[in-house]
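To start, the structure under review is shown below, and the notes come after it.
The values are calculated or read from the model by the stated rules, or taken from the named source; none is laboratory data. Values in this document were obtained by computation on a predicted structure and should not be read as measured data. A quick note on method: Cβ atoms are made from the backbone with ideal geometry, for glycine too, and the neighbour counts reach across all protein chains shown.
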Ligand code: GAR
């Protein structure tokens, strides 16, 4: 029997995935509990969901941090341990963009991330889940959470069948492209945008009668199941990251002698 895991969550919006995960913890389907909920958005309804379950919450207002930088870049406080060259070299979100844009992005995000970390330090957690958290995380943050590089512990859910359609509007991009199949993906975070190793995926058919709203509905219902299943695998210590891929340890071989690539 594995120990109960502590889960931290970051949300930006409505938090229906968060709700599904809280419910799975409370029903015992996941051997874990959500120990904090953080948000970049003071108005995120996900925060209210947490309060209803007596889960501590906090907000780091990214918008005001970005505004401060724009208004007064000279007076902007970067975290004392922020190394611009190191983060620039590691990040994989931007490729050919203007270095000034990248610099602005990394500085403002790292300042916000330092505040996230400051809040998160109050809690001990095994896994951090992004449940509709609409901010890219930089290597500054990722390296401070993934203390053991071979043991990633930041999970994300994305509304598309990655590696297709990364970015902010997975279902919209899938629909507008005219795909006949859509889906969702749970993956570990790496230094790129929605590019980390895939843990599980679910797909649904798109027919001529579908609208963007109807595919969002189909997709979200699958997300709620898939995210809980992937977190359950983490809680059972059955996920192994190797060479940029995630393998799922078959329960029958849980003495560690066999890595199997199963489909979630
Ligand atoms: C979900 O569809 C999730 O996949 C997506 O935001 C929605 C959040 O819904 N996440 C991303 O696009 C991350 N890039 P929820 O707040 O109701 O869980």
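Among the residues making up the stretch 162-187, a single one is within 12 Å of the ligand (Cβ to nearest atom) and more than 29 Å from residue 141 (Cβ to Cβ): 182. Inside the stretch 42-54, residues that are surrounded by fewer than 20 Cβ atoms within 10 Å (Cβ to Cβ) and under 18 Å from the mean Cα position of the chain (by Cα) make up a count of 1. Restricting 117, 102, 142, 154 to those that are within 14 Å of the ligand (Cβ to nearest atom) and closer than 21 Å to residue 86 by Cα reduces the list to 154.
Every condition in (1) part of a strand (DSSP E or B); (2) within 18 Å of residue 136 (Cα to Cα) is met by residue 58 except one, and the failing one is (2).
When 237, 190, 194, 210 are screened for being assigned to a loop (DSSP other than H, G, I, E, B), under 25 Å from residue 25 (Cβ atoms) and either within 14 Å of the ligand (Cβ to nearest atom) or at pLDDT 95 or above (or both), only 237 passes. For beta carbons closer than 8 Å, sequence separation of 6+ or different chains, a first residue in the stretch 220-236 that is farther than 19 Å from residue 171 by Cβ and a second that is part of a helix (DSSP H, G or I) and modelled with pLDDT of 95 or more, the qualifying pairs are 228/20; 228/21; 228/24; 231/21; 231/24; 232/24. When restricted to residues that are surrounded by fewer than 21 Cβ atoms within 10 Å (Cβ to Cβ), closer than 15 Å to residue 32 by Cβ and within 15 Å of the ligand (Cβ to nearest atom), the stretch 1-18 contains 0. Contact annotation: residue pairs with Cβ atoms under 6 Å, 6 or more positions apart or on different chains, pairing a residue in the stretch 160-175 that is in a loop (DSSP other than H, G, I, E, B) with a partner that is near the ligand (Cβ under 10 Å from one of its atoms) and at pLDDT 95 or above, are 160/170; 162/185; 162/194; 166/193; 166/194. Taking the conditions exactly as written (free of Cβ contacts under 8 Å to residues at least 40 places away in the same chain and more than 12 Å from the ligand (Cβ to nearest atom)), does residue 149 satisfy them or not? Spelling it out, residue 149 is indeed free of Cβ contacts under 8 Å to residues at least 40 places away in the same chain and more than 12 Å from the ligand (Cβ to nearest atom).
The sole residue among 95, 124, 64 that is farther than 30 Å from residue 178 by Cβ and outside any helix (DSSP H, G or I) is 124.
Residue 242 falls short on exactly one of the conditions (1) out of contact with any helix residue (DSSP H, G or I) (no Cβ under 7 Å at 6 or more places or on another chain); (2) within 26 Å of residue 139 (Cα to Cα); (3) modelled with pLDDT of 95 or more, and that condition is (3).
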